[in-house]
Structure formats: structure tokens, C-alpha cells
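For reference, the structure discussed in these notes is given below.
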Amino acid sequence: AKMASLGEMAGSIAHEINNPLAIINFKTDMIRNRVAEGSIEPVQIESALMDIKNTAKRIAKIVKGLRHFSRNSDGDPMEIVPFNKILEETVQLCDQRFRNSGIGLHVNYSRDDVIECRPIQISQILMNLLNNAFDAVSSMEERWVKVDIAADEHSLKIRVIDSGHGIPVGIVDKLMEPFFTTKDVGQGTGLGLSISNGVAMAHRGRIAYELYKGNTSFILDLPKKQHPVHIQSA
Ligand SMILES: Nc1ncnc2c1ncn2[C@@H]1O[C@H](COP(=O)(O)OP(=O)(O)O)[C@@H](O)[C@H]1O
Ligand SMILES: [Mg+2]
């Protein structure tokens, strides 16, 4: 399961890193050319170097996020963390890819819920849902993905909605099956949803598909707290 979700991740992360690398290459060449021509002022060099520095920092962040994913988190302890932190770190990993493809990614969240979970695993689920939404809309004319979060005292409902208009019934029935994919070989593993649902269930939650105001949506339902460990008396 670990390798499969890594495979899911690898393609999208490569995109995320390629873009800032291209910026660094471009800026470096630009400075060198203009220094050779003698047509650049120190302030302009300074400004271009700042861009390079910030872009390098972006790559560093992505790599840091990647390190999260590359180790097995099954045995991680449950932690109590602000949900916002998980959400931000996840969006950070795919933001650029959405922007490059002209897909609006709108995250609607201003609450301050805390949640008891294995943060890396929740991040993996969100990443899978966002990647699926990305794939679903990338060839459409109207392209957007929204993340909406509703909460009550006991649970969070994280909804990933895309500009698609729902999934045909025959496919809906198989969504959660391991290895079920409608994508080309090399594009999809068919493991994203089944692994994600397994992880959600290990958190006493679940993932469900639902048509939402005429659009495709997936809900990740998570309790805010895990069961306390009851000590059995003999
Ligand atoms: N947002 C979505 N819109 C349309 N179809 C989807 C969406 N999410 C998942 N699916 C369908 O569910 C299938 C299984 O998804 P998943 O388990 O993540 O595997 P994979 O993405 O590798 O195909 C996809 O191939 C696709 O047919
Ligand atoms: Mg998938």
C-alpha cells in the first residue's frame, strides 16, 4: 500500500518541482546574459536573486512534504493537530500543478478545528481526492475544484467538489474496489480510493461519493476524536 500511494504521488510531485526548477534556470541564464552584456544594475541582480532564493525555498518545502509521504505512517501515533495545518500542507503540494493547468483550486476554510488523527495519512487521503478531481476536470472546459469543510461538535466533513457532473452509476458501484480504474495504464493505479477509504475507516471515518448541487463530490467524514483505549477488567 505504501509503494502504491507513493506511485500515485510521484507524478504530481514531479510537476510541482519542474516548474520552480524552470524558473531558477531561466532567471540564472537571464542574469548571466545581462552581466555579460553589462546591461544590468546591482538592484536588478539583487531582485532576480531574491526570486531564485524564494523559488528554491519552494522546492525545499515540496521536498519536505515528500519526505512525509515516503515513510510508512501506519504505526504513527494519533496526534491532536489543527486541521488547518494538514489542509495547508496538502494544498501546498499540489497548488502549482493546478495553477499550471488553469484549474481553479478554492479552499473554503476559516474554522479552527483540531482533530485527532495520523496527520500524514489524512494528508494522503486529501491528496488522492484532489488528484482524482484534477484528472476528472483537466480535459473539461469549465475546470475548478473546491474544498468545503463542515463541522459539528464531533466530526468534520471535508468535501472535495469538482466541476464534473457526476459519475455514471455503473462506475460508482466500483469506485472503492482495489485496482478499479478508468484511466490509462501508467495513469491510474486504481488504488487511490480503496487505500484512502481504508485509512479513513482506520480513523473511524469513511469516504463517500455524492452528487452535490449537480457536481461530482467526495466526502471525507472524520470524527474529531478517536475512541479512548478502554482497559478491560478481568
Ligand atoms: N472526481 C472524480 N470524478 C470522476 N471520476 C472519478 C473521480 N474520482 C475517482 N473517479 C473514478 O474512480 C476511479 C478510481 O479512482 P482511484 O481509486 O483514485 O484510482 P485511479 O485514480 O488510480 O484511477 C477513477 O479511475 C475514476 O474513474
Ligand atoms: Mg486516484
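The values are calculated or read from the model by the stated rules, or taken from the named source; none is laboratory data. The structure presented is a predicted model; accordingly, all values stated were derived computationally and were not measured. Don't worry about glycine lacking a Cβ; one is built from the backbone with ideal geometry, like all the others, and counts go over all protein chains shown. When the accessible area is computed, the model is the full protein with side chains, heavy atoms only, and any ligands, DNA or RNA have been set aside. Shrake-Rupley method; radii C 1.70, N 1.55, O 1.52, S 1.80 Å.
When THR181 is tested against (1) near ligand 1 (Cβ under 6 Å from one of its atoms); (2) touching a His at 6+ places or on another chain (Cβ under 8 Å), just one condition goes unmet, and that condition is (2). Out of ASP112, ASP173, ASP152, one residue alone is free of Cβ contacts under 8 Å to residues at least 40 places away in the same chain and in contact with a Pro (Cβ under 8 Å, 6 or more places away or on another chain). It is ASP112. Among the residues making up the stretch 71-99, those that are out of contact with any Pro (no Cβ under 9 Å at 6 or more places or on another chain) and charged (D, E, K, R) are ARG71, ASP74, GLU88, ASP95, ARG97, ARG99.
When ALA151, ALA136 are checked against the criterion of being in the same structural domain as VAL199 (by TED's automatic domain parsing) and within 13 Å of ligand 2 (Cβ to nearest atom), ALA136 stands alone in meeting it. When the stretch 184-227 is limited to residues that are loosely packed, with under 13 Cβ neighbours inside 10 Å and in a loop (DSSP other than H, G, I, E, B), the one that is farthest from ligand 1 (Cβ to nearest atom) turns out to be HIS227. Can you tell me which residue within the stretch 167-183, out of those that are open to solvent by 30 Å² or more (accessible area, probe 1.4 Å) and touching a Phe, Trp or Tyr at 6+ places or on another chain (Cβ under 9 Å), is farthest from GLY75 (Cα to Cα)? Among residues in the stretch 167-183 that are open to solvent by 30 Å² or more (accessible area, probe 1.4 Å) and touching a Phe, Trp or Tyr at 6+ places or on another chain (Cβ under 9 Å), the one farthest from GLY75 (Cα to Cα) is ILE167.
On inspection, ALA133 passes the criterion of being near ligand 1 (Cβ under 8 Å from one of its atoms), closer than 23 Å to ILE86 by Cβ and assigned to a helix (DSSP H, G or I).
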